[in-house]
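Everything on this sheet refers to the single structure shown next.
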Amino acid sequence: MVTPSEGQDSDVVENLGADRPLLRERWQALSRRAQASIAMSSGALVLGMLLGYVVATRPQPGPPDPVAATSVRITGVEMPHRYSLDFGITVRIASAAPVTFTGTRQGYDGFLQTRPVPGAALRPGQALVLHARINVYCQLPLPPTGTPLLFVTVRNTRREGRAPVLPTAAQSADIDHAVQQICTH
């Protein structure tokens with residue numbers, strides 16, 4: 001703003017706010033403690049915002065591996081009926097994640113054969129009990145103890161996998177006894 005001069009030949013120009021200190025001058029005028037406090041607070045705020053962004057934009061985890069989410073165990077071995085060439089087993093399938101049971105496969109080529117069992121969807125915490133018949137071929141030797149008797153096939157949106165069905169020592173003895181009964185008749 002220009003003001004007329006009183007008795008002087010030159011005009012005086014006033015610049016409003018010209019005497020305010022610059023940001024750098026204000027920062028230097030602060031104590032070391034205040035500077036450190038402001039720097040730490042600003043850093044923490046930026047770090048918090050960055051972490052919030054990372055958490056909000058991270059991709060959702062995919063479903064777990066279907067075999068890892070499924071537990072399979074034999075709950076019973078049925079002795080063969082007279083003059084029968086097969087015996088029954090009961091298998092319990094439980095899952096900690098949504099999976100679909102799609103079938104079973106034999107654990108030994110040419111020794112055991114399972115009859116097809118229809119598939120079913122399993123929700124987390126749900127169990128499915130299967131009753132399967134196993135055909136025995138007596139010409140072949142018995143499989144070694146500790147190897148899978150069957151494989152249960154399960155799938156989810158991630159992939160399909162086969163969960164092994166391992167008999168316990170007592171169940172292996174029952175299976176051996178059932179096979180011996182079938183093959184001696």
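A 1.4 Å probe over all protein chains sorts Ile38, Ile175 by accessible area into Ile38, Ile175, starting with the largest.
Extension gain, Gln126-Thr57: 0.36 nm per intervening residue step, less the Cα-Cα distance, totals 21.6 nm.
The modelled label-to-label distance for the pair Gln106/Cys138, using points 7 Å beyond Cα in the direction of Cβ, is 1.6 nm.
Would you please give the FRET efficiency between Arg155 and Arg82, computed as 1/(1 + (r/R0)^6) with r the Cβ-Cβ distance and R0 = 45 Å, to the nearest 0.05?
So the FRET efficiency works out to roughly 0.70.
In the stretch 33-185, the convex hull through the Cα atoms has an average projected area of 13.7 nm², a quarter of its surface area.
The values are calculated or read from the model by the stated rules, or taken from the named source; none is laboratory data. Here the structure is a predicted model, which is why all the values come from computation and not from measurement. Here the Cβ is made from the backbone with ideal geometry for all residues, glycine too, and neighbour counts use every protein chain on show. Side chains are part of the model used for accessible areas, which takes the heavy atoms of the whole protein and leaves out ligands, DNA and RNA. Shrake-Rupley method; radii C 1.70, N 1.55, O 1.52, S 1.80 Å.
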